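Enquirer: Sharing a structure, written as structure tokens. Questions coming.
The values are calculated or read from the model by the stated rules, or taken from the named source; none is laboratory data. What you see is a predicted model; the values in this text were computed from it and never measured. Here the Cβ positions follow ideal geometry from the backbone for every residue, glycine too, while neighbour counts run over all protein chains shown.
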Amino acid sequence: MASILIDIGETQLALQADSAEPIVCKEAPLLTQAYRVVGSPVALLHPFDEAPFYRHGWHSWSLTAWLQPSCGLLTPKPEIRWPMIDHPSLLAWYPFSGSGVGALQAPDGNILLLGALELDGFVTADEQTLRGAYWQARPPRPRAWFLAYGSEEEVFAGYAGLLGERFGRRGQGAPPRVWCSWYSLYRTINETVLKDTLSGLAGLPFDVFQVDDGWQICLGDWQANSEFSSGMDVLAQAIRDSGYRPGLWLAPLAVAPQSSLFQQHPDWLVRASDGRPIVAGHNWGDVFYGLDVTHPGVQEWLAGLISRMRKWGYDYLKLDFLYAAALPGYRHENITGDEAYRKGLEIIRQAAGDAYLLVCGSPIIASLGLADGMRIGSDVAPFWDNHERSAHLHDLSGPSTLNALRTSLHRLWLRPLIQVDPDVTFFRTRYNLLLPYQKQILLELAQITGFRATSDLPAWLDESERAALQAFLENQPDVCRLDRYRYQIGDHTTDFSPFAAAWPT
Ligand code: 9PG
């Protein structure tokens, strides 16, 4: 490792790295201070003292925001939920740590960005240094980074451009308009209510009708439960007969302890050093585990599972809780969590053919080039703040419209690489505590991304709400970014800054 002087702004800063060379970014032609840096760790001594830090969470739901040094965020509790919140190792330096990319804001408004160009990179910051490192990979990979200083738009565009070259881009074209069963029916779905919903939606121009969690026996046993006794293929046909593309939710890399998959293949899971499976989170009334996708048996099972969903007739798959297979742990093959996950997603992509893959609860960087769409924030909810989790458990990743807005707003730079899903918009007043302006803000965020979805049941909408939904699906206004939080949307400007800050609420 060498100490290298590089030009940043008007000065030269000391960088500890193996090498650094200036580069020109196609996607950010105005960027004059951009470098390709190699090393792990790399550390840059910066002069900005207590500067705002851009923290980028590891997976869809993980807090992503510009943080003030005084934001006062504490490490979230309880530990059993850590993997659902962020990469467990990042939580050790929480909140001034990020996955893949991190940035500091200089007093003049310019941004110093350090972004990993390989999997498994993380960035941390304090008053003197901006550091990047890779989790151990064997055999060692090239440890390349993008380091740039310039306007926020340019440094993120430059980084996105290089990520696209490295991992690929998908999701060109118009994002689908989706009706999703989760944020109204939650797990209480059955054939009758979904068929009634299909009839009620007649005339609304959705592209996809997506069945969410609740159709399966349990995580791992991806067969229809007793609420879907006609079979999932029959439901797919009913969806197609109504003029929509059938969409299905599944968490293919997560396994429930009561599943027959777990009983039959206890050796198919990511394990701790004592050989026991690693707990990937707690939901569905129990813990759940992550699949070891480096195991040949798992690979065959996974490809078979996805082919089965395709044969049932689903060509839009919402793949959820994917981080479960990316957690640090012991696997059949000695590779890192992000590498293992990407291998799993490659197998899924191969088996899915040209189906639309929406990843959710997924590592962000490791999904690029393989998924078509990506949830870029936590879940919305028919309420504003998840006060219990935000204030008492210090967890800003729980379902709430505020949490979803905040994190999604800070991931819009991913748009050139993948279709970004900010989660559903609400039109209903029924069973909804959101105020009109809160619903409007969510709607406008969806217009920025172009990814338009709702879960509202047609029977819950009055005439004017249904008309608003219809207009939302039929018209897509022109959108122009004005600055970090201000967007021109059609003929008006919206300032999202009141929803961007992160502190315990
Ligand atoms: C289905 C849901 C929906 C939703 C997904 C995901 O932190 N949590 O407790 C937590 C629970 C559920 C969750 C996200 C986080 O939601 O994002 O759209 O598909 O699963 O179970």
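Enquirer: Does region 390-418 hold any residues that are within 16 Å of the ligand (Cβ to nearest atom) and under 14 Å from Ala160 (Cβ atoms), and which are they?
Expert: Arg411
Enquirer: From the set of residues in region 362-381 that are of a type in the set (Gly, Ala, Ser), crowded, with 24+ Cβ neighbours inside 10 Å and within 12 Å of the ligand (Cβ to nearest atom), which is farthest from Ala116 (Cα to Cα)?
Expert: Per the stated criteria, the residue is Ser378.
Enquirer: Going by what's in this entry, would Arg430 be described as touching a residue at least 60 places away in the same chain (Cβ under 8 Å) and either in contact with a Cys (Cβ under 9 Å, 6 or more places away or on another chain) or among the basic types (Lys, Arg) (or both)?
Expert: It is false that Arg430 is touching a residue at least 60 places away in the same chain (Cβ under 8 Å) and either in contact with a Cys (Cβ under 9 Å, 6 or more places away or on another chain) or among the basic types (Lys, Arg) (or both).
Enquirer: Here is a further query. Might you check whether a residue that is outside any helix (DSSP H, G or I) and either in contact with a helix residue (DSSP H, G or I) (Cβ under 7 Å, 6 or more places away or on another chain) or at pLDDT below 95 (or both) occurs anywhere in region 295-306?
Expert: Among the residues of region 295-306, at least one is outside any helix (DSSP H, G or I) and either in contact with a helix residue (DSSP H, G or I) (Cβ under 7 Å, 6 or more places away or on another chain) or at pLDDT below 95 (or both), which makes the answer yes.
Yes or no, residue by residue, for (1) touching a residue at least 40 places away in the same chain (Cβ under 8 Å); (2) outside any helix (DSSP H, G or I); (3) of a type in the set (A, V, I, L, M):
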{"position": "Gln440", "(1), (2), (3)": "no, no, no"}
{"position": "Leu443", "(1), (2), (3)": "no, no, yes"}
{"position": "Ile448", "(1), (2), (3)": "yes, no, yes"}
{"position": "Glu465", "(1), (2), (3)": "no, no, no"}
{"position": "Gln488", "(1), (2), (3)": "no, yes, no"}
{"position": "Pro498", "(1), (2), (3)": "no, no, no"}
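Enquirer: So which residues in region 26-62 are touching a strand residue (DSSP E or B) at 6+ places or on another chain (Cβ under 6 Å) and at pLDDT below 95?
Expert: Matches in region 26-62: Gly39, Ser40, Pro41.
Enquirer: Residues that are surrounded by 21 or more Cβ atoms within 10 Å (Cβ to Cβ), part of a loop (DSSP other than H, G, I, E, B), in contact with a Ser or Thr (Cβ under 6 Å, 6 or more places away or on another chain) and modelled with pLDDT under 95: does region 129-137 have at least one?
Expert: Looking through region 129-137, none of the residues is surrounded by 21 or more Cβ atoms within 10 Å (Cβ to Cβ), part of a loop (DSSP other than H, G, I, E, B), in contact with a Ser or Thr (Cβ under 6 Å, 6 or more places away or on another chain) and modelled with pLDDT under 95.
Enquirer: Shifting gears a bit: Output the number of the condition that Thr75 fails; it satisfies all remaining conditions of (1) buried (at least 23 other Cβ atoms within 10 Å of the Cβ); (2) away from the ligand (no atom under 13 Å from the Cβ); (3) farther than 18 Å from Leu113 by Cα; (4) not small (Gly, Ala, Ser).
Expert: (1)
Enquirer: While we're looking at this one, here's another question. Where in region 21-71 are there strands (runs of 3 or more DSSP E), lying fully within it, with 2 or more residues that are touching a residue at least 40 places away in the same chain (Cβ under 8 Å), more than 16 Å from the ligand (Cβ to nearest atom) and under 23 Å from the mean Cα position of the chain (by Cα)?
Expert: Once the strands (runs of 3 or more DSSP E) in region 21-71 are filtered for at least 2 residues that are touching a residue at least 40 places away in the same chain (Cβ under 8 Å), more than 16 Å from the ligand (Cβ to nearest atom) and under 23 Å from the mean Cα position of the chain (by Cα), what remains is 53-55, 65-67.
Enquirer: A further question follows. Quick one: in region 30-84, of everything that is touching a helix residue (DSSP H, G or I) at 6+ places or on another chain (Cβ under 7 Å) and aliphatic (A, V, I, L, M), which residue is farthest from Leu327 (Cα to Cα)?
Expert: Leu30
Enquirer: Do you know which of the residues in region 246-300 that are away from the ligand (no atom under 16 Å from the Cβ) and of a type in the set (S, T, N, Q) is farthest from Ile189 (Cα to Cα)?
Expert: Ranking the qualifying residues of region 246-300, first place goes to Ser273.
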